Amino acid sequence: MGFKFYAPASLFLLLLSLPAFAYGWGVDGHAIICQIAQDRLSDPAAAAVEDLLPNYAKNNLSRLCSWADRVKFRYRWSSPLHYIDTPDGLCTYDYDRDCKDEDGVKGRCVSGGITNYTNQLLDYGNSSSESQYNLTEALLFLAHLMGDVHQPLHVGFTTDRGGNTINVRWYRRKSVLHHVWDDNIIETAEERFYNDNVEEFTEAIKQNITGEWSDQVAKWEKCSDNKVACPDVYASESIEAACDWAYKDVKNNTQLEDDYFLSRLPVVNLRLAECGVRLAATLNRIFG
């Protein structure tokens, strides 16, 4: 499986400077994930990440955690790598059945993308030959796609495109269900509880990782069968969460208010925490 794209360095620098567009978890969600991961990197992994990041983002992966969204309009081949469409109402994920793009090309989904870029990064430090891959891009894609696969509606139903065609009202504002999970829940939490400050939100999740959820962290980090990354596990969790929480009690034009927000925020917090821990564990395995 190879979604290989060889861009000249000048184009890559141009793409880094493009304005951000909000997809996936939205800018804040991805930044939270990458900051959690950055703080949990082993020394070898931290050194490798610093080596691969451009100078202005050294030691700060979160600054470029949404890069993969910014380049969708130039790297059009990358769009299918951000999500998985599953059969309507089935609430399960199967790689062979579901990991494909709209043309039916197998492996072109967020799980396939994670596997592909993980394998590319394993080429880092190979002294026998210069890598054939752009490992900076591979790092940025991996960090972002790990976030996407943990957003429940990035593994959502085919017909509604992961909630993108379900119109809702988020309190008084028009939205779609997918955007509620990308941005609205996080933004409302920041506004109510964290002084509109993403750093405070991040710190609260990190405290839960070392406190309330500390007994679960080893399980989150683990990857079965000696694999480096386990995106199919994460995708299965997401479609279950989509059915149990995201889609539940929501129809077209439903108004979502405190009952939905306060019951779904713990799910969002948990998925952000799991992803940050798993991204760090994956990078530690790659570069360790």
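Rule-based calculations on the coordinates, nothing more; no lab input. The model shown is predicted, which means the values in this text are computed figures rather than measured ones. When we count neighbours, we look across all protein chains shown, and the Cβ atoms used for this are built from the backbone with ideal geometry, even at glycine.
Name the residues in segment 254-288 that are surrounded by fewer than 16 Cβ atoms within 10 Å (Cβ to Cβ) and in contact with a strand residue (DSSP E or B) (Cβ under 6 Å, 6 or more places away or on another chain), would you? Across segment 254-288, the qualifying residues are Thr254, Gln255. Checking each residue in segment 43-72 for being hydrophobic (A, V, I, L, M, F, W, C), closer than 17 Å to Leu145 by Cα and in a helix (DSSP H, G or I) picks out Val49, Leu61, Leu64, Trp67, Ala68. Among the residues of segment 240-253, just one is closer than 26 Å to Ala37 by Cα and surrounded by fewer than 16 Cβ atoms within 10 Å (Cβ to Cβ), namely Glu240. Selection of first residues in segment 274-288 that are within 16 Å of Val149 (Cα to Cα) and touching a residue at least 24 places away in the same chain (Cβ under 8 Å) and of second residues that are among the polar types (S, T, N, Q) and in a helix (DSSP H, G or I), restricted to Cβ pairs under 8 Å at least 6 apart or on distinct chains, gives the following pairs, ordered by first then second residue: Gly276/Gln35; Ala280/Gln38; Thr282/Thr118.
Can you report the number of residues in segment 200-232 which are farther than 16 Å from Gln35 by Cα, of a type outside the set (S, T, N, Q) and assigned to a helix (DSSP H, G or I)?
Here is the first cut: in segment 200-232, the residues farther than 16 Å from Gln35 by Cα are 211-232.
Now narrow it down to the ones that are of a type outside the set (S, T, N, Q): 211-213, 215, 217-223, 225, 227-232.
From the residues that got through so far, the ones that are assigned to a helix (DSSP H, G or I) too are 215, 217-221, 225, 231-232.
Result for segment 200-232: 9.
Quick check on my filter: what residues within segment 86-97 are surrounded by fewer than 21 Cβ atoms within 10 Å (Cβ to Cβ) and either touching a residue at least 24 places away in the same chain (Cβ under 8 Å) or among the aliphatic types (A, V, I, L, M) (or both)? Listed by number, the residues that qualify are Pro87, Asp88, Gly89, Leu90, Cys91, Thr92, Tyr95.
Looking at segment 233-248, can you tell me whether even one residue there is outside any helix (DSSP H, G or I), without any contact (Cβ under 8 Å) to a residue 40 or more places away in the chain, over 22 Å from Ala31 (Cβ atoms) and out of contact with any Asp or Glu (no Cβ under 8 Å at 6 or more places or on another chain)? Yes, the conditions are met somewhere in segment 233-248. Please work out if Lys100 is among the basic types (Lys, Arg), more than 21 Å from Arg285 (Cβ to Cβ) and surrounded by fewer than 16 Cβ atoms within 10 Å (Cβ to Cβ). Answer is no for this residue.
Tell me, please, whether a residue that is surrounded by 19 or more Cβ atoms within 10 Å (Cβ to Cβ), hydrophobic (A, V, I, L, M, F, W, C) and closer than 19 Å to Ala143 by Cα can be found in segment 232-239. Yes, segment 232-239 has at least one match.
Can you name the residue in segment 76-110 that is in a helix (DSSP H, G or I) and touching a strand residue (DSSP E or B) at 6+ places or on another chain (Cβ under 6 Å) and, of all such residues, is nearest to Cys230 (Cα to Cα)?
The residue in question is Val110.
Check whether at least one residue in segment 119-138 is crowded, with 24+ Cβ neighbours inside 10 Å, over 22 Å from Ala281 (Cα atoms) and in contact with an Asp or Glu (Cβ under 9 Å, 6 or more places away or on another chain), and report yes or no. The answer is no, given that none of the residues of segment 119-138 is crowded, with 24+ Cβ neighbours inside 10 Å, over 22 Å from Ala281 (Cα atoms) and in contact with an Asp or Glu (Cβ under 9 Å, 6 or more places away or on another chain).
No other residue among Gly147, Gly113, Gly163, Gly156 is in a loop (DSSP other than H, G, I, E, B) and either closer than 26 Å to Asp232 by Cβ or within 20 Å of the chain's Cα centre (by Cα) (or both) apart from Gly163.
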